[in-house]
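A.B. asks: Below you'll find the structure I mean.
The values are calculated or read from the model by the stated rules, or taken from the named source; none is laboratory data. Given the structure is predicted, the values throughout are model-derived calculations rather than measurements. Cβ placement follows ideal geometry from the backbone for every residue including glycine, while neighbour counts extend to all protein chains displayed. When the accessible area is computed, the model is the full protein with side chains, heavy atoms only, and any ligands, DNA or RNA have been set aside. Shrake-Rupley method; radii C 1.70, N 1.55, O 1.52, S 1.80 Å.
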Amino acid sequence: MTSTTTTPLEEQMHEELIAPGGQDELLEIALGPHHPSTHGVFRMDVVLDGERVVKLKPVFGYLHRNHEKIAESASYLASMPYTDRLDYICSLSNNWAYALAVEKLAGLQVQSEPSTYA
Amino acid sequence: MLEEIKLRLETSVPGCHPEIILNGSPSEQHSLLLDSAHAVDAATFLRDDAELRLDYCSNVTGVDWLQTETSHGYLEAVYHLYSMEKKHGPVVVRLRTENRTDRIHLPSLTPVWRSAEFQEREVFDLYGIIFDGHPDLRRILMWDEFEDHPMRKDYVEPDDYEYEPTAHDDVLTKAKQHAPQQQPE
């Protein structure tokens, strides 16, 4: 199985890649989630010598939605929900980083404990 | 601090004349503009100098400056550098192309900071800056067959990214705007 994302294995590279004690036969496969619903997500093109990985290229897929492009036509506040979706595991830290960046850019001083709205 | 770095670069890297670019916004994040010819030497100095030790390139991004009355326009690659060892930073370094059309080559700093590899690919993909000396300069976010650079300021997005035989709704509205003569009466 070959793909355009790894360069074809040339003879010279082949020699370099053979693992010590390997089986002298390289196999290039795409490693990653193999399910019809997960097309376009992160995967890795790996070159195997037997069971050893001798070369690996990460392929990002198309999960990146280019939020910076979307932000060009949105207000600063409207971009905030997009930062949630950068990484579902740590939405808050992405919100925080974005808020700090906007505050720094605009020169805003925000009190550290917004306890009352009086 | 930038003044000091500028002086040290001038004395340590022969021929290097960095320029301090002032940032007038409230963030006051000023930066150092390096010329392409000495960029790799200067970057190596910034990384290896005993006092600076800027051993971590945290972020690489691009900026597209359109043509104005005073400038013919250019592209910039911006590097944010920190020192893990000395715990200081960021130092912002810029590289600038000669124009936006045909002289868009910059030296790659990936040989100096390995972490720049994917982000220089991103800048290449989205802004179209060609990094000479990059080990693997391919598109990273857009698909291989894509032809334009989406983060350029003059980028015009297509009516629709997916082919559909009969345009309708928003796509049809966009299509009418730029090709009214092709639409049936």
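A.B. asks: Please verify whether segment A:47-57 includes one or more residues that are without any contact (Cβ under 8 Å) to a residue 12 or more places away in the chain and away from every other protein chain (no Cβ under 14 Å).
C.D. replies: yes
A.B. asks: I'd like to verify a number: residues in segment A:66-118 that are in a helix (DSSP H, G or I) and either in contact with a helix residue (DSSP H, G or I) (Cβ under 7 Å, 6 or more places away or on another chain) or open to solvent by less than 100 Å² (accessible area, probe 1.4 Å) (or both), how many?
C.D. replies: Step one: of segment A:66-118, the residues in a helix (DSSP H, G or I) are A:67-71, A:76-84, A:88-106.
Remaining after also requiring either in contact with a helix residue (DSSP H, G or I) (Cβ under 7 Å, 6 or more places away or on another chain) or open to solvent by less than 100 Å² (accessible area, probe 1.4 Å) (or both): A:67-71, A:76, A:78-84, A:90-91, A:93-95, A:97-103, A:105-106.
Number satisfying all stated conditions: 27.
A.B. asks: Something else now. Condition check: in contact (Cβ under 8 Å) with a residue 60 or more places away in the chain, within 30 Å of A:Lys57 (Cβ to Cβ) and away from chain A (no Cβ under 14 Å). Does B:Ile104 satisfy that?
C.D. replies: Values: in contact (Cβ under 8 Å) with a residue 60 or more places away in the chain: no; within 30 Å of A:Lys57 (Cβ to Cβ): yes; away from chain A (no Cβ under 14 Å): yes.
Considered against the rule, which asks whether it is in contact (Cβ under 8 Å) with a residue 60 or more places away in the chain, within 30 Å of A:Lys57 (Cβ to Cβ) and away from chain A (no Cβ under 14 Å), B:Ile104 comes out as no.
A.B. asks: To continue, here is another question. Contact list please: Cβ distance under 9 Å, first residue in segment A:84-98 and over 16 Å from A:Asn66 (Cα atoms), second residue open to solvent by 100 Å² or more (accessible area, probe 1.4 Å), pairs at least six apart or on different chains.
C.D. replies: A:Ser91/A:Arg85
A.B. asks: Could you give me the residue pairs with C-beta distances under 9 Å whose first residue belongs to segment B:138-150 and is more than 10 Å from chain A (Cβ to nearest Cβ) and closer than 23 Å to A:Ala71 by Cβ, whose second residue is of a type in the set (Val, Ile, Thr) and surrounded by 12 or more Cβ atoms within 10 Å (Cβ to Cβ) wherever it lies, and which are 6+ apart or on separate chains?
C.D. replies: Partner pairs satisfying both residue conditions: B:His149/B:Ile129.
A.B. asks: Sticking with this structure for a sec: Among the residues of segment B:156-163, is there at least one that is modelled with pLDDT of 80 or more, closer than 28 Å to B:Ala42 by Cα, surrounded by fewer than 13 Cβ atoms within 10 Å (Cβ to Cβ) and within 14 Å of chain A (Cβ to nearest Cβ)?
C.D. replies: The answer is no, given that none of the residues of segment B:156-163 is modelled with pLDDT of 80 or more, closer than 28 Å to B:Ala42 by Cα, surrounded by fewer than 13 Cβ atoms within 10 Å (Cβ to Cβ) and within 14 Å of chain A (Cβ to nearest Cβ).
A.B. asks: With the condition kept exactly as written, say whether any residue in segment B:108-128 is more than 13 Å from the chain's Cα centre (by Cα) and within 13 Å of another protein chain (Cβ to nearest Cβ).
C.D. replies: no
A.B. asks: Is it fair to say B:Leu106 is closer than 18 Å to B:Pro150 by Cα, modelled with pLDDT of 95 or more and either surrounded by fewer than 18 Cβ atoms within 10 Å (Cβ to Cβ) or not β-branched (Val, Ile, Thr) (or both)?
C.D. replies: no
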